[in-house]
1. I'd like to check something: does the stretch 191-208 contain any residue that is of a type in the set (Val, Ile, Thr), open to solvent by 30 Å² or more (accessible area, probe 1.4 Å) and out of contact with any Cys (no Cβ under 7 Å at 6 or more places or on another chain)?
2. If the Cβ limit is 7 Å and pairs must be 6+ apart or interchain, which residue in the stretch 252-274 that is farther than 16 Å from Thr154 by Cβ pairs with which residue that is of a type in the set (Lys, Arg)?
3. What residue, among those in the stretch 109-139 that are surrounded by fewer than 24 Cβ atoms within 10 Å (Cβ to Cβ) and of a type in the set (A, V, I, L, M, F, W, C), is farthest from Ala71 (Cα to Cα)?
4. Would you point out the residue of the stretch 155-188, among those that are farther than 21 Å from Ala236 by Cβ and of a type in the set (Ser, Thr, Tyr), that is least open to solvent (accessible area, probe 1.4 Å)?
5. For the stretch 27-50, check the following and say yes or no: at least one residue is more than 24 Å from His218 (Cβ to Cβ), open to solvent by less than 60 Å² (accessible area, probe 1.4 Å) and modelled with pLDDT under 95.
Amino acid sequence: MKKLLITGASGFLGWHLCQVAQQEWEVYGTYYSHALYIPGIKLLNVNLTDFLELKQIFNEIKPDAVIHTAAQSQPNFCQIHPDESYAINVTASCNLAELCAESSIPYAFTSSELVFDGVNSPYKETDTVCPVNIYGEQKVLAEVGILERYPIATVCRMPLMFGNATPTAKSFIQPFIQTLQSGKELNLFIDEFRTPVSGKTAAKGILLALGKVKGLIHLGGKERISRYDFGHILAAVFQLPTSGIKACLQQDVKMAAPRPADVSLDSSQAFALGYQPLSIKSELEALLKKVGGD
């Protein structure tokens, strides 16, 4: 079996990628601060911001392909700690591109819908980027830096992702469920729109694009939805009380990082390749079954 190196195996997306990829690949996963065990995966503790350490891992494993999901992905954190987040979000991403280019192996980088300003959605791959926060700016710098160093790299712009909690990571639905179960109020935006997918679907999309797509590809879902409407579908599927769900506006919530209003992705290019996100309701029903089945 060919060797696939997945960075950020302890993150939400990285963990899902490890699960899906091991059917086809011998998978090596990196983690930094959150040690974990994933059956069938060889896990390595690596500081990706240390180029020598990165090079050493490359020389030891000799991967046949790399998927880079490790990131500091909290926009508020990036806004407050721009240098610390730059090291992993930009420098490490570009260093990996260089190493993959030297070995002539497929490289997929996970970027974000937050490279856009949210004014002219849905966004195609050809649309001009215009981030409104530092996290989005760092993703743009990484995209540009990667494709300069390795023009045939795959840059996957990812949407908002959800799913069951992994051993070391949660998605945004866990706090939603907890709040509603405890009978507290859940304030959700009615003026922020996304095209969400489950972590498993996102992982399948990245593996589909790896080595096939040169340059940019959007891996959003098929439905444009507000957090408020998403909350109602979640409550219906998980049989949670909806009385606690309250509508709010972005301007009502003070955050360090500004947020774009509508970064829905047009992912028709990926759909044409065979990327098949289910409806949000179906994705959530599948998660509920899995929770019941575990």
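1. Just the residues of the stretch 191-208 that are of a type in the set (Val, Ile, Thr), to begin with: 195, 197, 201, 206.
Narrowing further to those that are open to solvent by 30 Å² or more (accessible area, probe 1.4 Å): none.
No - not one qualifying residue is present in the stretch 191-208.
2. So the pair list comes out as Val263/Arg194; Ser264/Arg194; Ser264/Arg224; Asp266/Lys124.
3. Going through the qualifying residues, I end up with Val119.
4. Thr166
5. yes
The rows are residues; the columns are (1) outside any helix (DSSP H, G or I); (2) within 21 Å of Leu186 (Cβ to Cβ); (3) open to solvent by less than 70 Å² (accessible area, probe 1.4 Å).
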position: Tyr228; (1), (2), (3): no, yes, yes
position: Leu234; (1), (2), (3): no, yes, yes
position: Leu240; (1), (2), (3): yes, yes, yes
position: Ala247; (1), (2), (3): yes, yes, yes
position: Ala272; (1), (2), (3): no, no, no
position: Pro277; (1), (2), (3): yes, no, yes
position: Leu287; (1), (2), (3): no, yes, yes
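The values are calculated or read from the model by the stated rules, or taken from the named source; none is laboratory data. Predicted model, so just to flag it, every value in this text is computed and none were measured. With ideal geometry, Cβ positions are generated from the backbone for all residues, glycine too; neighbour counts draw on all protein chains shown. Note: areas computed on protein heavy atoms with side chains; ligands, DNA, RNA excluded. Shrake-Rupley method; radii C 1.70, N 1.55, O 1.52, S 1.80 Å.
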